[in-house]
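Rule-based calculations on the coordinates, nothing more; no lab input. Treat the numbers as computed from the prediction; the structure is a model and nothing was measured. Cβ placement follows ideal geometry from the backbone for every residue including glycine, while neighbour counts extend to all protein chains displayed.
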Amino acid sequence: MPPITLNRRAIAYLGGAFLFILLLSGAVTNHVRPDLIQKNIPEKWRTTTQAPKTEPEPPREPFQEEIFPLAQAGKVPQINPKNIAKDDKHATPLLIGFTRNWYLLEQAVVSYLAAGWPADQIIVIDNSGVMDSNLRGLLSPRNPWYLNHTRLDLLGVSVKRTPTLLTFAQLQNFFINFAIEHDWSYYFWSHMDVVVIPKEYESPYKGFYERTLECVRATVGSKEKWALKFFAYDWLTMVNVEAMKDVGAWDTQIPYYLTDCDMYERLYMKNYTAGNWDAGHIYDVATHLSDLAVLFPAEGENNALDTQRFRDLRSQLERMMKEKVENKNGRNTWQATQDGGKGEPFWRNPKGFEKAIQFWIEKGRELFKMKWNYSECDLRRAGRHDGSEWTW
């Protein structure tokens, strides 16, 4: 075979190509200057458009490391004095269950505080299933089951841990038992993916918490055979402990969806009532505000109501709720968004965790149908009554 020969022009092309690749890659040295790379790029490969003078805004991450910088600095804003209720004689214990997504939990808690709910009446129920890992600060913020005890302490909110990871129905029974242990005749519970704000545009003005107290005053001691008071369905709910005990509490064999249908229908079958009450706006959201300070009066607003800040906040929350409702992948996709913390104590694969929950949701639906021989929520309309379960 004759030797391979290259003419000078081929050698020049090969050498230039080698130099170009070397300069672009930066794999050999970390000291390649951008201006040198630009100088050696062939003219036909260069961009003809100038770079923008300002950098484009980086894409908004679904979960920032910090969404309440003032609290991080130890400077929690003051609530509007008009949101402080005059009547504080009635206890209003509020239980907020937490399993994953600290950011939405903190947002919910802070919104209740800004709306006037006393911090010492709010108890976060840590149902993350990580034992004492959060208390000891062993998890990172990107871990789905991370909860910031230090922040809640600063806000004056207490935390109670469940002994292990509980399903929704089990958590509800934990609430009931917790109330019994504290000798409460009633309590409130709320979802952790909500934001509450008062109706500042109404006159005469009554704050969110003041309106809640009106419900307590009208309910406690009344002759009504009540079980529940709904504020925007069960996004916030006042619960009669004796009524829960009377019907045997929540059916833990129906762990998630339809367990509420089962519970509420059994209450109605025993002639308990569930009234509706309006305390203010309650938004069901899947994302968080960029800075929770917007929930409090801005500097100089003092006792002002229906400010531009409030109107902008209300519009933003309405957009956030609309986005959640219209999400084509489902309204609860936020539950499986975080995936950090691998290797930390009690870490679970978030996608696998979500798949497992979906599995038990479907099994719960099947069991509900087996129990009542009916698959929809309107059990009484379908002729079901107290004592007719499991008789088919």
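Among the residues making up region 116-150, those that are closer than 21 Å to Glu344 by Cβ and surrounded by fewer than 19 Cβ atoms within 10 Å (Cβ to Cβ) are Gly129, Met131, Asp132, Leu135, Arg136, Gly137, Leu138, Ser140, Pro141, Arg142, His149, Thr150. Scanning region 215-238 for residues being closer than 16 Å to Lys89 by Cβ and touching a residue at least 24 places away in the same chain (Cβ under 8 Å) gives a total of 5. Of all residues in region 360-379, those that are of a type in the set (Ser, Thr, Tyr) have Cβ atoms under 8 Å from Cβ atoms of residues that are surrounded by 13 or more Cβ atoms within 10 Å (Cβ to Cβ) and in a helix (DSSP H, G or I), 6 or more apart or on another chain, in Ser375/Arg365; Ser375/Phe368; Ser375/Lys369. Restricting attention to region 66-103, the residues that are of a type in the set (A, V, I, L, M), surrounded by 15 or more Cβ atoms within 10 Å (Cβ to Cβ) and not in a loop (DSSP other than H, G, I, E, B) total 4.
Could we say that Tyr201 is within 18 Å of Ala114 (Cα to Cα), among the aromatic types (Phe, Trp, Tyr) and surrounded by fewer than 18 Cβ atoms within 10 Å (Cβ to Cβ) here? It is true that Tyr201 is within 18 Å of Ala114 (Cα to Cα), among the aromatic types (Phe, Trp, Tyr) and surrounded by fewer than 18 Cβ atoms within 10 Å (Cβ to Cβ). The criterion of being closer than 24 Å to Glu65 by Cβ, small (Gly, Ala, Ser) and in contact with a helix residue (DSSP H, G or I) (Cβ under 8 Å, 6 or more places away or on another chain) does not hold for Ser128.
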